[in-house]
1. Kindly indicate the residue of region 24-50 that is among the β-branched types (V, I, T) and within 18 Å of A61 (Cα to Cα) and also nearest to the chain's Cα centre (by Cα) among those meeting that condition.
2. For region 46-68, name all the residues that are out of contact with any Leu (no Cβ under 7 Å at 6 or more places or on another chain), assigned to a helix (DSSP H, G or I) and over 16 Å from D110 (Cα atoms).
3. Which residues, counting only those in region 89-142, are at pLDDT below 60, β-branched (V, I, T) and over 19 Å from R51 (Cβ atoms)?
4. Is it true that some residue in region 73-93 is within 20 Å of R107 (Cβ to Cβ), without any contact (Cβ under 8 Å) to a residue 40 or more places away in the chain and in contact with a Ser or Thr (Cβ under 7 Å, 6 or more places away or on another chain)?
5. State the number of residues belonging to region 65-116 that are of a type in the set (V, I, T) and surrounded by fewer than 16 Cβ atoms within 10 Å (Cβ to Cβ).
6. Looking at region 24-45, which of the residues that are in contact (Cβ under 8 Å) with a residue 24 or more places away in the chain and either in a loop (DSSP other than H, G, I, E, B) or among the small types (G, A, S) (or both) is surrounded by the most Cβ atoms within 10 Å (Cβ to Cβ)?
7. Among (1) closer than 24 Å to P25 by Cβ; (2) at pLDDT 90 or above, there is one condition M66 misses while meeting the rest; what is its number?
Amino acid sequence: MTETPAEKDAVVSMPPVAATEWKAPDINLLGNDSVAALIRYGKDLITNTARYLGPRGSVAAITNGMNCQNCHIEAGIKPYGNCFSAVASIYPVFRPRSGIKESVEFRVNDCLQRSLNEKKAIEKKTLKNKAEGKQTWGKKPK
């Protein structure tokens, strides 16, 4: 079937976010406790991954210089933007790619290795916990 010129030039847009969809809490409303600091650092780590783990990273030089935010839009809070809204509620989960039931830690390391060309798995629990803090922030208690 041949497309018409109008169909070829059609712009596909995502539907507007419904009022019932998940929306990340405002990070500016966080307090000054250790959990708030962890969440802020997690956001910064996702937004500026290369600063910490890139070729001249301040923590380690183990990735290709991309940021997690290159794939996870607006630090993973934008609906339909590869968002983290469901991470805390679905992991651990079986993933066909690996053939195993994966933990959040495994998935973060897998993503770093595949997407950011990481040279070795992160073993620093601090970084892992900070990324997880960002992923669980705003999750409604069960």
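1. Going residue by residue through region 24-50, those that are among the β-branched types (V, I, T) are 27, 35, 39, 46-47, 49.
From what is left, the residues that are within 18 Å of A61 (Cα to Cα) are 46-47, 49.
Details: I46: 6, T47: 9, T49: 11 Å.
The selected residue is I46.
2. Answer for region 46-68, where residues must be out of contact with any Leu (no Cβ under 7 Å at 6 or more places or on another chain), assigned to a helix (DSSP H, G or I) and over 16 Å from D110 (Cα atoms): T47, A50, R51.
3. Of everything in region 89-142, just one residue is at pLDDT below 60, β-branched (V, I, T) and over 19 Å from R51 (Cβ atoms), namely T136.
4. Yes - at least one qualifying residue is present in region 73-93.
5. Filtering region 65-116 down to residues of a type in the set (V, I, T) leaves 73, 77, 87, 90, 93, 100, 104, 108.
From what's left, surrounded by fewer than 16 Cβ atoms within 10 Å (Cβ to Cβ): 73, 90, 93, 100.
So the count comes out to 4.
6. Going through the qualifying residues, I end up with G42.
7. (1)
The values are calculated or read from the model by the stated rules, or taken from the named source; none is laboratory data. These figures come from a predicted structure and were not determined experimentally. So basically every Cβ, Gly included, is an ideal-geometry build from the backbone, and we count neighbours across all protein chains shown.
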